[in-house]
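Data block below; observations after.
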Amino acid sequence: MQDLSGPDNHELLPPDPQPVVAPPAPPPSTLRQIFIGPNGIRAGWRLMIFIAIIFALTSIIRFLRGHHGPPPKVTLESPVPTIVREWLGFALAAIAALIMSRIEKQPWGNYGMPPRQAFGSRFWIGALLGFAGLSCVMGSLHLAHCYYIDGVAIHGMEIWKYAGLWLAAFLGVGFFEEFLTRGYVQFTLASGIGFWPAAVLTSALFLLGHVKNSGETVLGLTDVFLFGMLACFIWWRTGNLWLAVGFHALWDWGLSFFYSVPDSGIPALGHLFNVRIQGPAWLSGGSAGPEGSAINLVFDLIYFLIIAVAFPKRQFAGWSEQEHSGTEPAQ
């Protein structure tokens, strides 16, 4: 038998195959670079599609209602029209975001309001913080001789009727404004320019949405901007917007119904008390209501501190963390 273990045995084996080097990939076209980035469709284009969907849905609603002009300027808020307007607005924004979630292959809950956590503990913590914080502001205004209750404005079943109607209305405000001005827009812009630049931009847009309110002031608009930043900070530290929704809803309910003062410059029909607001506008809030008071601006900063202490670590998960690193999607 032939010995195959000799020194020349390697001559019987086939030579090692040469590695195959793939040709370099062609550079992406300029047109593709304009529309497509590392996260797919670039954030600006996704945002434009989202806005276009809302515009199309709004146009359909207006056509079906036979109304083509701009909405009338609100000078006295009424609960039923507010309920219809705010919940319809939220529905349109939610549908537009649902369409975008299919395009982007993102769970809808990633946009800040995961449905399974609706009215969970974070919402109620926010509601408690909103109403308690407002009560501290109103107490401070009373001690500063700026706010007085002169008696009850409505009686009997009207109290419960308007309390319930305004609660439904301001829940709609919380859902709609948080989802539209934070929600999808904040999440999408953060994937393109970073979270905090996006927060400044969305808070500025939130401010612009209040500029035309009758009675609004510079200090009142400053509060609007600060609340926008607070809501973004809440998302950053808690992981979603539900605490901000609860805060927003009960703050507005407390202003308009319970403490019976203007909310962003607009008084409400069916408020609980007859009240007097007096003193210099910078202290009392003037026509803007307590949100235009320097006292309220101090409390705005205190809310940031409370959230920072209560929720010490970042919980926000942006596009790259949720979609491309295998984290559990928001539910």
Exercise. From the set of residues in the range 85-115 that are over 14 Å from the mean Cα position of the chain (by Cα) and part of a loop (DSSP other than H, G, I, E, B), which is surrounded by the fewest Cβ atoms within 10 Å (Cβ to Cβ)?
Worked result: LYS105
For this session: Just name the residue that is modelled with the lowest pLDDT out of those in the range 210-231 that are among the hydrophobic types (A, V, I, L, M, F, W, C) and in contact with a Leu (Cβ under 9 Å, 6 or more places away or on another chain).
Result: VAL211
For this session: Being in a helix (DSSP H, G or I), surrounded by fewer than 21 Cβ atoms within 10 Å (Cβ to Cβ) and among the β-branched types (Val, Ile, Thr) is the filter here, so list the residues in the range 153-181 that pass it.
Result: ILE159
Seminar exercise, completed: Exactly one of PHE55, PHE50 is assigned to a helix (DSSP H, G or I), at pLDDT 85 or above and in contact with a Phe, Trp or Tyr (Cβ under 9 Å, 6 or more places away or on another chain), and that residue is PHE50
For this session: Scan the range 126-162 residue by residue and report those that are within 32 Å of the chain's Cα centre (by Cα), of a type in the set (A, V, I, L, M) and within 17 Å of PHE299 (Cα to Cα).
Result: ALA127, LEU128, LEU129, ALA132, LEU134, VAL137, MET138, LEU141
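Of everything in the range 115-151, what is of a type in the set (S, T, N, Q) and over 20 Å from PHE175 (Cα atoms)? Give them in sequence order.
Quick first cut of the range 115-151, residues of a type in the set (S, T, N, Q) only: 117, 121, 135, 140.
Across the range 115-151, the qualifying residues are SER135, SER140.
Tally up the residues in the range 229-279 that are β-branched (Val, Ile, Thr), touching a helix residue (DSSP H, G or I) at 6+ places or on another chain (Cβ under 9 Å) and surrounded by fewer than 24 Cβ atoms within 10 Å (Cβ to Cβ), please.
The total comes to 3.
With GLY254, GLY220 as the choices, which residue is small (Gly, Ala, Ser), farther than 18 Å from GLU86 by Cβ and touching a residue at least 12 places away in the same chain (Cβ under 8 Å)?
Numbers: GLY254 fails: farther than 18 Å from GLU86 by Cβ.
Result: GLY220 is the single residue among GLY254, GLY220 that is small (Gly, Ala, Ser), farther than 18 Å from GLU86 by Cβ and touching a residue at least 12 places away in the same chain (Cβ under 8 Å).
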Problem set entry | Hey, ALA204 surrounded by fewer than 23 Cβ atoms within 10 Å (Cβ to Cβ), assigned to a helix (DSSP H, G or I), aliphatic (A, V, I, L, M) and without any contact (Cβ under 8 Å) to a residue 40 or more places away in the chain or not | yes
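The values are calculated or read from the model by the stated rules, or taken from the named source; none is laboratory data. From a predicted model like this one, the values you see are computed outputs, not experimental measurements. Counting neighbours? That spans all protein chains shown, and the Cβs are built from the backbone with ideal geometry, glycine included.
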